[in-house]
1. Quick check, is LEU339 over 20 Å from the mean Cα position of the chain (by Cα), open to solvent by 10 Å² or more (accessible area, probe 1.4 Å) and at pLDDT below 90?
2. Return a yes/no flag: does the range 65-73 have any residue that is modelled with pLDDT of 95 or more, open to solvent by 10 Å² or more (accessible area, probe 1.4 Å), hydrophobic (A, V, I, L, M, F, W, C) and out of contact with any Cys (no Cβ under 8 Å at 6 or more places or on another chain).
3. Tell me which residues, restricted to the range 216-234, are touching a residue at least 24 places away in the same chain (Cβ under 8 Å) and either in contact with a Cys (Cβ under 7 Å, 6 or more places away or on another chain) or outside any loop (DSSP other than H, G, I, E, B) (or both).
4. Given the criterion polar (S, T, N, Q) and under 22 Å from ASN51 (Cβ atoms), identify the matching residue among SER248, SER254, SER259, SER324.
5. Of everything in the range 306-336, what is open to solvent by less than 30 Å² (accessible area, probe 1.4 Å) and not in a helix (DSSP H, G or I)? Give them in sequence order.
6. Just name the residue that is nearest to GLY191 (Cα to Cα) out of those in the range 212-222 that are surrounded by fewer than 17 Cβ atoms within 10 Å (Cβ to Cβ) and not small (Gly, Ala, Ser).
Amino acid sequence: MSVVGIIAEYNPFHSGHEFLLNQARLVAGKDPIIVLMSGNYVQRGEMAIMNKWSRARTALQSGADLVFEMPFSTSVEPADLFALGSIEALAKLGVKTLVFGVEDANLNFAYLGSKIAEIPPNSMNFKDYSQTYSTQYNQMVAREVGYEVNAPNAILGLAYAVANHNLDSPMQLHPINRIGVNHDDILQRNGVVQSASAIRNLLLHDEDKSQLKTWLPKAEAIELAKQKVYPNWNLMFPFLKYRIESSSISELQSIYQMSEGLEYKMKAEIHLAREFTEFLRRIKSKRYTYSRLRRLCLYTLLNVTQDDMIDSFNDESLTLLGFSKLGRRYLKNIRKENLNIVSKVDKRNSKNGSLKLQVRVDRLFEQIMHVDQNFGQRPIEV
């Protein structure tokens, strides 16, 4: 089988994602398309705007055959670790071709990925505190391979390529040109395709949601328009404020990715900030990107420690969110490979590894959205 894989957030699922799935179908033919999708928390350090089950259902109705949940320890990480965890998971599931959207599909990602993978580790020991790690990394890549990549999806595509190059049996990389808009473009009401960030902004700030059906599958648009709460950092900021103010310095130091005295800076600034964006500005420095700080705030809010992330990342289980008829047939094949595929979260399997962390962090999402996310849920069948 020439199984095709897609790494996604679908936050929310829109017409651009539907286009990519259609392109993936041309590659897969009669073989299955597997989507590894972020759960209720996403890479930039935010809650997803819609719960993972609804997003998985829309993906299945739009052409995916299997949707697995990306573990928290992969989904809320910088590009290199996000790519590493995702690529390794898809490889275990038997994916042969990775389809992904980029700004320029003519780039030879496999070649550039191999060149970056060969860069000596000591070249990545960045000590310039006047620039972010990501800026220094991109400069180093440009210097070493002779090509500068700045577009966000191309940067992520290169991270996929590096992780893929390091597999024992690398997948074929199949980039697809994105259509319509760029990654963070503002809303263009006359456009057929909108960026996910523009749609989220509309959901949070615009009472008129009648146009959602133009950009989203109808059922998803209706569900989102009726949704009473849209998770966002302003909603979660009081919880974060309490968490930081009530924690000791030593407790904050145990949080994953807490480094270089950020715990002291967070303690000093949290009671002065009136809302989340102001708090980020107060703790921002040239050393860190806003995405890095949002992830740190999310780890802090959810009390995620270094040990939590290591235990989760070392766990090879994958949670199944849904499947089609073709996906069900493929599942029978891969279950013979002794893969730890979880189709039901229960008290027994939720005590360790990625499921333990998944259940714990989803508790806050459940409190906000009033919908169970793990116990009692079953994979969606379409």
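1. Values: over 20 Å from the mean Cα position of the chain (by Cα): yes; open to solvent by 10 Å² or more (accessible area, probe 1.4 Å): yes; at pLDDT below 90: yes.
Yes: the conditions hold for LEU339.
2. The answer is yes, given that some residue of the range 65-73 is modelled with pLDDT of 95 or more, open to solvent by 10 Å² or more (accessible area, probe 1.4 Å), hydrophobic (A, V, I, L, M, F, W, C) and out of contact with any Cys (no Cβ under 8 Å at 6 or more places or on another chain).
3. Applying the first criterion (touching a residue at least 24 places away in the same chain (Cβ under 8 Å)) to the range 216-234 yields 216-217, 219-220, 223-224, 227, 229-234.
Passing the criteria: ALA219, GLU220, GLU223, LEU224, TRP233, ASN234.
4. Values: SER248 fails: under 22 Å from ASN51 (Cβ atoms); SER254 fails: under 22 Å from ASN51 (Cβ atoms); SER259 fails: under 22 Å from ASN51 (Cβ atoms).
The conditions single out SER324.
5. SER317, LEU318, THR319, LEU320, LEU321, GLY322, PHE323, SER324
6. Keep residues of the range 212-222 that are surrounded by fewer than 17 Cβ atoms within 10 Å (Cβ to Cβ), which gives 213-214, 218-219, 222.
This time we only want the ones that are not small (Gly, Ala, Ser), so: 213-214, 218, 222.
Details: LYS213: 12, THR214: 9, LYS218: 17, ILE222: 19 Å.
Going through the qualifying residues, I end up with THR214.
So that you can scan it fast, the table gives a plain yes or no per residue for (1) over 15 Å from LEU90 (Cα atoms); (2) open to solvent by 10 Å² or more (accessible area, probe 1.4 Å):
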residue: VAL4; (1), (2): no, no
residue: ILE7; (1), (2): no, yes
residue: PRO12; (1), (2): yes, no
residue: SER15; (1), (2): yes, yes
residue: GLU18; (1), (2): yes, yes
residue: LYS30; (1), (2): yes, yes
residue: ILE34; (1), (2): no, no
residue: ASN40; (1), (2): yes, no
residue: GLN43; (1), (2): yes, yes
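Residue-wise test of (1) among the hydrophobic types (A, V, I, L, M, F, W, C); (2) at pLDDT 95 or above.
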{"position": "GLY29", "(1), (2)": "no, yes"}
{"position": "ILE33", "(1), (2)": "yes, yes"}
{"position": "ILE49", "(1), (2)": "yes, yes"}
{"position": "VAL95", "(1), (2)": "yes, yes"}
{"position": "PHE100", "(1), (2)": "yes, yes"}
{"position": "TYR111", "(1), (2)": "no, no"}
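The values are calculated or read from the model by the stated rules, or taken from the named source; none is laboratory data. Not measured: the values here are computed from a predicted model. Cβ coordinates were reconstructed from backbone atoms using ideal geometry, including for glycine residues, and neighbour counts include every protein chain displayed. To get the accessible areas, we keep the full protein, side chains included, count just its heavy atoms, and leave off ligands, DNA and RNA. Shrake-Rupley method; radii C 1.70, N 1.55, O 1.52, S 1.80 Å.
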